[in-house]
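Here is the structure we will look at.
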Amino acid sequence: MRVVIGSDHAGFELKQMLIDFIRELRHEVLNVGTDGIDPVDYPDFAEKVGKTILGGQADRGILICGSGVGASVSANKIKGIRAAICHDSYSARQGVEHDDMNVLVLGARIVASSLARDLVRIFLAAEFTGEERHKRRLEKITALEDKR
């Protein structure tokens, strides 16, 4: 799987650790920044992650900021991106299986690195079920996006 990963300055260190971990899981990784701990704005990296997925260069994305909230809000403004903050394994799996979540958002100041690795592993292993009720709900989400 091709995975795009991005973060603001607060998520930089966790992002760097996760890049190596994702490669250990035998996935391709595309790092869209940031490249250090100097303050930057998380919406810029949410946009880069989203556009990379929508452009077909990646299958899924991981986005990290301090709490995960700002990055999640920003990513979900991009039509076709379904991002969620997940700080537990159930949400990381179920978000993909039921909601076809394509961006996992983590709060670097909230989750420890060991939990972050578990969440990424679970997120990348999960698959959308394609059940009729889930497809119907996704169609409704798309309709909401089209009303903007």
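What follows draws every value from the coordinates through simple rules; no lab data is involved. Computed from a prediction, not measured in an experiment: that's the story for all the values here. Cβ atoms come from the backbone with ideal geometry, glycine included; neighbour counts cover every protein chain shown.
The fewest-to-most ranking of 34, 52 by surrounding Cβ atoms within 10 Å reads 52, 34. Taking each DSSP H run with n ≥ 4 as -39500 (n - 2.57) and averaging over every residue of the chain yields -15000 deg cm²/dmol at 222 nm.
Put simply, when 2-9, 71-78 are sorted by average Cβ atoms within 10 angstrom per residue, most first, you get 2-9, 71-78.
Computed extension gain for residue 89 through residue 129, at 0.36 nm per residue and net of the alpha carbon distance, reaches 12.7 nm. Cross-linked pairs 15/51; 15/140; 48/135: Cα-Cα separations exceed 22 Å for 15/140; 48/135.
What is the diffusion coefficient of the chain in µm²/s, taking the Kirkwood radius over Cα pairs and the Stokes-Einstein relation at 10 °C with a viscosity of 1.306 mPa s? Result for D is 106 µm²/s.
Among 115, 104, a tally of other beta-carbon atoms within 10 Å of each Cβ gives an order, fewest to most, of 115, 104.
Using 0.36 nm per residue, how much length does the chain from residue 137 to residue 38 gain when fully extended, once their Cα-Cα distance is taken away? Intermediate values should be presented prior to the final figure.
On the way: separation 99, 0.36 × 99 = 35.64 nm, distance 4.01 nm.
Additional length available on full extension: 31.6 nm.
Listing 101, 17 from fewest to most neighbouring C-beta atoms within 10 Å gives 17, 101. Take the Cα of residue 1, step 7 Å toward its Cβ, do the same at residue 97, and the gap between the two points is 1.4 nm.
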